[in-house]
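These notes concern the structure reproduced below.
The values are calculated or read from the model by the stated rules, or taken from the named source; none is laboratory data. If you're wondering where the values come from, they're calculated on a predicted model, not measured in any experiment. Cβ: placed from backbone, ideal geometry, glycine included. Neighbour counts: every protein chain shown. Each accessible area value is taken on the protein alone, full model and side chains, heavy atoms only, with ligands, DNA and RNA left out. Shrake-Rupley method; radii C 1.70, N 1.55, O 1.52, S 1.80 Å.
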Amino acid sequence: MNTATYQNKSRMIENDFPDDLLQPSMEDIVTDQTSFGIRLVDTPEGRNTASMLIHKMYAWRGLAGTHAILNDPNRVTLMAHRKGEAVGTLTIGLDSPSGILADQLFKPEIDAFRALGNRVCEITKLAFDIESSSKSYLAALFHLSVIVARDMHACDLIFIEISPRHRGFFQRMLGFRQLGEEKINPRVNVRGILMCVPLTYMTEQTRLFGGKGAEAVGERSLFPLFYSPREECGIVNRLKERR
């Protein structure tokens, strides 16, 4: 499939979500002058909108399984919208007595970090329009996930299960590293790998490059598209007030 075809399909998926699905009661955590925003999904309407987006984008890629977002105190879902249309979502899974979803395949690898006293979490249900113009939106969504995991839940490490073909992107753009070997993920019936990044690393990269954009000459990661340290501080304060 060529890039133009993919982008056209991505736009069709986005446009399936009318503005009224994004309820006014769902307050944005961050926004900008281009009508882009990210919000915590904490209402039934919001969870339904995010679930529909995930289902459509996963189904288009041929991924099996159900992808409904449930009301779970150990799951925090973020949703990005552009001019009122849902364009991306991810869920942060917090560790609990029942573990995280990645334990199903990679529990020994994750337990090794728990044994060292690390508080772990994971990113799941990631769905996003990958047009090149949306990189800044994707960066904002990932930065918000870092803030929620680190500042609101005192996590040390983020894990993610992905297709092996996406390994290069997560390693180059966000600093994730692979742990263990490929395994079949029964939730989506595809081969998957486990990757991990310390939140200390993401914090350091944000301090070095956050908010610099094109001024970060030679830096090819997503970190220059993260918020600046000053903006990050404001976001943390807003989240704590909301909490």
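The table below lists the values:
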| quantity | calculated |
| --- | --- |
| Portion, in percent, of the accessible area of segment 132-216 that falls on carbon or sulfur, probe 1.4 Å | 50 percent |
| Local electrostatic count at PRO108 - Lys and Arg +1, Asp and Glu -1, tallied over other residues with Cβ under 13 Å | -1 |
| Restraint check, LYS83/LYS183; LYS212/LYS240; LYS107/LYS135, Cα-Cα greater than 30 Å | LYS83/LYS183; LYS107/LYS135 |
| Farthest toward positive dipole pole in segment 144-243 [+1 Lys/Arg, -1 Asp/Glu at C-beta], among ILE184, ILE162, VAL217 | ILE184 |
| Formal net charge of residues neighbouring ILE92 (Cβ-Cβ distance under 9 Å; K, R +1; D, E -1) | 0 |
| Cα gyration tensor, segment 100-163 - rounded (a/c under 1.5), prolate or oblate | oblate |
| Rounded to 5, the percent of DSSP beta bridges in segment 119-243 classed as antiparallel | 75 percent |
